[in-house]
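I have placed the structure first, in the form of structure tokens, so that the comments after it can refer back to it.
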Amino acid sequence: MKKKLWSIEITCRGGHEGMSFETLDFLIERSRSSKAMVLAVAAPHGEDILEAVEEAKSKGVVSPILYGDRARIERIASEFSIDLSSCPIVQEPDEGRAAELAVKAVSSGEADLLMKGNVKTATLLKAVLNKEWGLRCGSLLSHVFLFQIPKMGKVFCLTDGGMAMYPDLTAKTAIIENAVECYHRLGVECPRVAVLAAVETVNQDMPCTVDAAVLTQMNRRGQIKGCVVDGPLALDNAVSEEAARHKGIVSEVAGHADILLVPDIEAGNLMGKVMLYMSDGRGAGVVVGARRPVVMTSRFDNA
């Protein structure tokens, strides 16, 4: 059974409904279909950040509120011909305090989501995790990174290359659950999760392969719900039917993975940067697990 929804192909295989996004453009289409979200931007003291905010606003995706040094923001906007005339600016030259005000705006409901500007990640996360007025809700925070590579013809999810450094089995379970919930919100009823390693067999000397086997079994027993998990799988077998066939791997996930769970932050960070800087890829990332989404930008991100 096949049907089209938002230019997304939905195909049922083996009793599981999967969904394949061809490009990241579906995110813009989906965002335009609903009311613009109020975006709180902490310390937007950079031309790329302000250009991105202006473009998102012009597309009807967000309604931004800027928290930072007004004179600095207006100087950058003037220098790069960025129109911020309709964007409220909350004056706060101290970047730590600006992060606090932006988080409080989201926590109170004044804004819908948070975006990191030119403020240190640790400073922003300290505000996000504040027990009194922060955004933490008891779940593990993890980074979900959607990326498209031209030759692959499909959008994949990489997690977690930005938050959890060396996750244990409990943390990996939470990371999967966060990514799966994200996919459910995108309309994917049963995403396929590949637990990545360097090899496809369980090896006691490679702890990530042991974790992969346990996570797979937990999924089969219903302890991890709403998805299909398989691993350990090497990257090629996770994304290529041909590679999986050559290895003799029979799996609902191999060659059809939607979500790629990496063993640690180093693998995820390296893989993400290869996708963006060496493979002509595009990416969209967000921190999930908090009460509201958090957009974590990098100093090297363009608008």
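The values are calculated or read from the model by the stated rules, or taken from the named source; none is laboratory data. Quantities reported herein were computed from a predicted structural model and do not represent experimental measurements. Here Cβ is always computed from backbone atoms with ideal geometry, including for glycine, and neighbour counts include all displayed protein chains. Note: areas computed on protein heavy atoms with side chains; ligands, DNA, RNA excluded. Shrake-Rupley method; radii C 1.70, N 1.55, O 1.52, S 1.80 Å.
Quick one: how many Å² of THR201 are accessible to a 1.4 Å probe, rounded to 10?
90 Å²
Spelling out what I want: for every residue of region 115-125, take phi, set θ = phi - 60°, compute 6.51 cos²θ - 1.76 cosθ + 1.60 (Karplus), and round to whole Hz; glycine and proline get x.
Listing the rounded values in order: 10, 7, x, 7, 10, 4, 4, 4, 5, 5, 5 Hz.
With the contact rule set at Cα under 8 Å and sequence spacing of 6 or more, what percent relative contact order holds for the chain? Please list the in-between numbers first.
On the way: 622 pairs, mean separation 60.2, N = 303.
That works out to 20 percent.
With θ set to phi - 60° and the Karplus curve 6.51 cos²θ - 1.76 cosθ + 1.60, what are the ³J(HN,Hα) couplings of region 35-49 in order, to the nearest whole Hz, using x for Gly and Pro?
Whole-Hz 3J(HN,Hα) from phi for region 35-49: 5, 4, 7, 7, 10, 9, 10, 8, 6, x, 9, x, 5, 5, 5.
Could you give each residue of region 79-87 its phi-based ³J(HN,Hα) in whole Hz, using Karplus coefficients 6.51, -1.76, 1.60 with θ = phi - 60°, and x for Gly or Pro?
Along region 79-87, the couplings run 5, 10, 6, 9, 8, 10, 4, 9, 9 Hz.
Show that you can apply the helix-only estimate: for the chain, add -39,500 (n - 2.57) for every DSSP H stretch of four or more residues, divide by all residues, and state [θ] at 222 nm to the nearest 500. Before the final figure, lay out each step's value.
Working: 10 runs with 107 residues, N = 303.
Only helices count here, giving -10500 deg cm²/dmol.
Would you mind telling me the antiparallel percentage of the DSSP bridges in the chain, rounded to 5? Don't jump to the answer; show the numbers that get you there.
Working: 22 of 47 bridges.
Bridges in the chain that DSSP calls antiparallel: roughly 45 percent.
Choose one of LEU50, ALA105, SER85: the residue whose Cα lies farthest towards the positive end of the charge dipole of region 26-117 (beta-carbon charges +1 Lys, Arg; -1 Asp, Glu; about the Cα centre).
Towards the positive end, the residue furthest out is ALA105.
Do you know the relative contact order of region 52-194, to the nearest whole percent, from alpha carbon pairs under 8 angstrom that are 6+ apart?
13 percent
Calculate what fraction, in whole %, of the accessible area of region 129-179 sits on carbon and sulfur atoms when a 1.4 Å probe is rolled over the protein chains. Walk me through the numbers on the way to the answer.
On the way: 1250 of 2300 Å².
Of the solvent-accessible surface of region 129-179, carbon and sulfur hold 54 percent.
What is the log10 of I(q)/I(0) for the chain, computed with the Debye formula using one identical point scatterer on each Cα and no solvent, at q = 0.09, 0.11, 0.13 Å⁻¹?
Those come out to -0.47, -0.69, -0.94, one per q.
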